1. Can you tell me how many residues in segment 106-135 are in contact (Cβ under 8 Å) with a residue 12 or more places away in the chain and within 19 Å of the chain's Cα centre (by Cα)?
2. Of these, Arg76, Arg2, which one is among the basic types (Lys, Arg) and more than 20 Å from the chain's Cα centre (by Cα)?
3. Would you confirm whether any residue within segment 125-133 is aromatic (Phe, Trp, Tyr), surrounded by 14 or more Cβ atoms within 10 Å (Cβ to Cβ) and not assigned by TED's automatic domain parsing to the domain that holds Thr20?
4. So, in segment 30-48, exactly how many residues are surrounded by 12 or more Cβ atoms within 10 Å (Cβ to Cβ), touching a strand residue (DSSP E or B) at 6+ places or on another chain (Cβ under 8 Å) and assigned to a helix (DSSP H, G or I)?
5. One residue is enough: does segment 85-101 have a residue meeting the conditions of a type in the set (Gly, Ala, Ser), within 30 Å of Ala41 (Cα to Cα) and not in a helix (DSSP H, G or I)?
6. For Ala14, are the conditions met, namely being in a strand (DSSP E or B) and either surrounded by 10 or more Cβ atoms within 10 Å (Cβ to Cβ) or assigned by TED's automatic domain parsing to the domain that holds Ala122 (or both)?
7. How about segment 29-60: which of its residues are under 24 Å from the mean Cα position of the chain (by Cα) and at pLDDT 90 or above?
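The values are calculated or read from the model by the stated rules, or taken from the named source; none is laboratory data. This is a predicted model, so every value here is computed, not measured. Positions of Cβ are generated from backbone atoms using ideal geometry, with glycine treated the same way; all protein chains shown enter the neighbour counts.
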Amino acid sequence: MRTIARTSTRIITALQRDLTYASVHQGANDATGRPIDVAEAWEALSHAGARLRELDRVTGIYEIRVSSSLHYLLRRTPPGAPGRIDVVVDRDPDAFTEVTVFVDGREMSGPAIAVHVVDPGASGADHEWLESVTQHADDVPEAVRDLFDETARRYHHGVTCHDERCNPADDTTSAYAHGAGVA
């Protein structure tokens, strides 16, 4: 464990860029702390007597200790976050697509893994296909929905859709909204 001088601006600037998770801990028994904005933790370093210490250089854990009962932990990632996620996709054109997920080199399975496949297949990306694949379960995160829908719309944009719902006046289903002519 080493203490980093508050005047080491080059080191502190690099740490401010790299450490993206912060928590505040009050009292000696507060092991879990409360997540806070990382800027609030860095502001605590300006308090008189505050010290910045490197607790674990390899995993990127640092502490700003303001007093014996108040300290902040800064990390590269939230505690418990995986270090690496690998996804292997077996895209067999004559059978089902199989996906295997590895977290830190260990194969994962179970309800925590949700696989979302955008594949119009040989039948193409007609309007019925687009509408069917852009209906999502309530628990699908918004960012996942957005990427999935954007990808499906790109496939649909590649076909000539004769569905009356695909016209430039309808900005939610038209080829215009699917990417053609969008500024």
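1. Going through segment 106-135 one residue at a time, the tally reaches 5.
2. Exactly one residue qualifies, and that residue is Arg2.
3. Yes - at least one qualifying residue is present in segment 125-133.
4. Summing the residues that are surrounded by 12 or more Cβ atoms within 10 Å (Cβ to Cβ), touching a strand residue (DSSP E or B) at 6+ places or on another chain (Cβ under 8 Å) and assigned to a helix (DSSP H, G or I) in segment 30-48 gives 4.
5. The answer is no, given that none of the residues of segment 85-101 is of a type in the set (Gly, Ala, Ser), within 30 Å of Ala41 (Cα to Cα) and not in a helix (DSSP H, G or I).
6. So Ala14 does not fit the description; no.
7. Result: Arg34, Pro35, Ile36, Asp37, Val38, Ala39, Glu40, Ala41, Trp42.
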